[in-house]
Amino acid sequence: MEFLAPTTWADALAAKQEYPDAVPLTGGTDVMVEINFDRHRPPALLDLTGVRELREWSRDGDVVRLGAGVTYTQVIEQLGDVLPGLAMASRAVGSPQIRNRGTVGGNLGAASPAGDSHPPLLAGGAEVELASVRGTRTVAIDEFYTGVKQHAGRPDELISAILVRTPRGPQQFSKIGTRNAMVISVSAFGIALHPDEKRVGTGIGSAAPTPRRAAEAEAFLSSALEEAGLWESRLTLPDGLAKEFGERVKLAASPIDDVRGTAQYRLHSLAVMARRTLSWAWADYAGGTS
Ligand SMILES: Cc1cc2nc3c(=O)[nH]c(=O)nc-3n(C[C@H](O)[C@H](O)[C@H](O)COP(=O)(O)OP(=O)(O)OC[C@H]3O[C@@H](n4cnc5c(N)ncnc54)[C@H](O)[C@@H]3O)c2cc1C
């Protein structure tokens, strides 16, 4: 196996062009499991841990640019109040060791439907920055996931960064697992209220072939809030609205039965999490804390 270890971003992109089959490695918490269990033996590994700029984040106005190598621990410790939804999801990932090594870029590279960063990134309307020697392009997060563990990156491209808008309203994340820690989601849900656009964002995890939005539920809730003047009044949600929202989120999912849970349980838990996260987010909004 070839082992490529560039120390600059330009060299990393050149290596990916020369070896398009090379598997990038950022934190290695997915890649090394695959190799150790002999599930996958790539012809080449492209170790990105020496590329310093990938581990950096920056802020330009209301957009945070997270380098693909920013770890969950960095998100939790440095961006907890700037990207609250992503920080909540990051706290739910693995163990301290996994959060110290594992990255948001690696979660996107793996594109597993169970990845915990996907629901908040979908709800927040993030963009993924993809780079190659040919140049850089951005892909809207809801167009990034193209199939089970597949994404829109081309063979000569690397994920360089994730662009996330700072929130205008509350964000919440919830995950169901078979225990409280060190667990891959049975199902997960993220919500973001965007009062400036009178819009609701959502993200479903582990309940479809790819992470996805519940677009119809978003439209339903956004217009119900607008018709009742609730974006301005911040009054209590009408009876049944959160439950109806949960039922509509459920309709957007298409889960399977697997070792972690049944499709039926995934649908049920998704509706419950959607109802609860909306209630928590609305309590923050009504209380004026977000
Ligand atoms: C014990 C354990 C517990 C875990 N718990 C959770 C959990 O609770 N929630 C969760 O979501 N995940 C969990 N994971 C999975 C893993 O930690 C996450 O998916 C993590 O985000 C992967 O990041 P990484 O930097 O380690 O990725 P890597 O292993 O380095 O890479 C992951 C994938 O992304 C690709 N890749 C990496 N960097 C790039 C790049 N710059 N451009 C293009 N492709 C790239 C790799 O080729 C690979 O396909 C767990 C893993 C373990 C071992």
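The values are calculated or read from the model by the stated rules, or taken from the named source; none is laboratory data. Since the structure is predicted, the reported quantities are computational estimates derived from the model, not experimental observations. In this analysis, Cβ positions are derived from the backbone assuming ideal geometry, glycine residues included, and neighbour counts consider all displayed protein chains. These accessible areas exclude ligands, DNA and RNA; they are computed on the full protein's heavy atoms, side chains included. Shrake-Rupley method; radii C 1.70, N 1.55, O 1.52, S 1.80 Å.
A Cβ distance below 6 Å, combined with a sequence gap of six or more or placement on separate chains, defines the contacts here; from region 55-79, residues that are free of Cβ contacts under 8 Å to residues at least 40 places away in the same chain reach residues that are away from the ligand (no atom under 12 Å from the Cβ) and not hydrophobic (A, V, I, L, M, F, W, C) in the pairs SER58/ARG65. In region 28-46, the residues that are on the phi > 0 side of the Ramachandran plot reach residues that are part of a helix (DSSP H, G or I) with C-beta atoms within less than 7 angstrom, at least six apart or across chains, in these pairs: GLY28/ARG101. Evaluating ARG213 against the criteria (1) closer than 21 Å to ALA89 by Cα; (2) open to solvent by less than 80 Å² (accessible area, probe 1.4 Å) leaves one unmet condition, (2).
When you look at THR73, is it more than 22 Å from GLY177 (Cα to Cα), within 12 Å of the ligand (Cβ to nearest atom) and of a type in the set (Ser, Thr, Tyr), yes or no? Spelling it out, it is not the case that THR73 is more than 22 Å from GLY177 (Cα to Cα), within 12 Å of the ligand (Cβ to nearest atom) and of a type in the set (Ser, Thr, Tyr). Could you tell me whether ASP116 is in a loop (DSSP other than H, G, I, E, B) and buried (at least 23 other Cβ atoms within 10 Å of the Cβ)? Yes: the conditions hold for ASP116. Of the strands (runs of 3 or more DSSP E) contained entirely in region 142-215, those carrying at least 3 residues that are under 14 Å from the mean Cα position of the chain (by Cα) fall at 158-165, 171-176, 187-194, 199-205. For region 179-216, a residue qualifies if it is more than 23 Å from GLY102 (Cβ to Cβ) and among the basic types (Lys, Arg), and the qualifying residues are LYS198, ARG199, ARG213. Going through (1) open to solvent by 40 Å² or more (accessible area, probe 1.4 Å); (2) farther than 19 Å from ARG168 by Cα; (3) more than 8 Å from the ligand (Cβ to nearest atom); (4) within 19 Å of the chain's Cα centre (by Cα) one by one, ARG52 falls short only on (4).
Looking at ALA219, ALA253, ALA283, just one residue is without any contact (Cβ under 8 Å) to a residue 12 or more places away in the chain and within 18 Å of PRO120 (Cα to Cα), and that residue is ALA219.
Looking across region 90-107 at every residue that is more than 7 Å from the ligand (Cβ to nearest atom) and in contact (Cβ under 8 Å) with a residue 24 or more places away in the chain, the one that is nearest to PHE173 (Cα to Cα) is identified as SER90. From the list VAL70, VAL75, VAL93, the lone residue that is within 21 Å of HIS151 (Cβ to Cβ), touching a strand residue (DSSP E or B) at 6+ places or on another chain (Cβ under 7 Å) and surrounded by 20 or more Cβ atoms within 10 Å (Cβ to Cβ) is VAL70. When restricted to residues that are of a type in the set (Gly, Ala, Ser), within 22 Å of PRO20 (Cα to Cα), more than 10 Å from the ligand (Cβ to nearest atom) and in contact (Cβ under 8 Å) with a residue 60 or more places away in the chain, region 108-136 contains 1.
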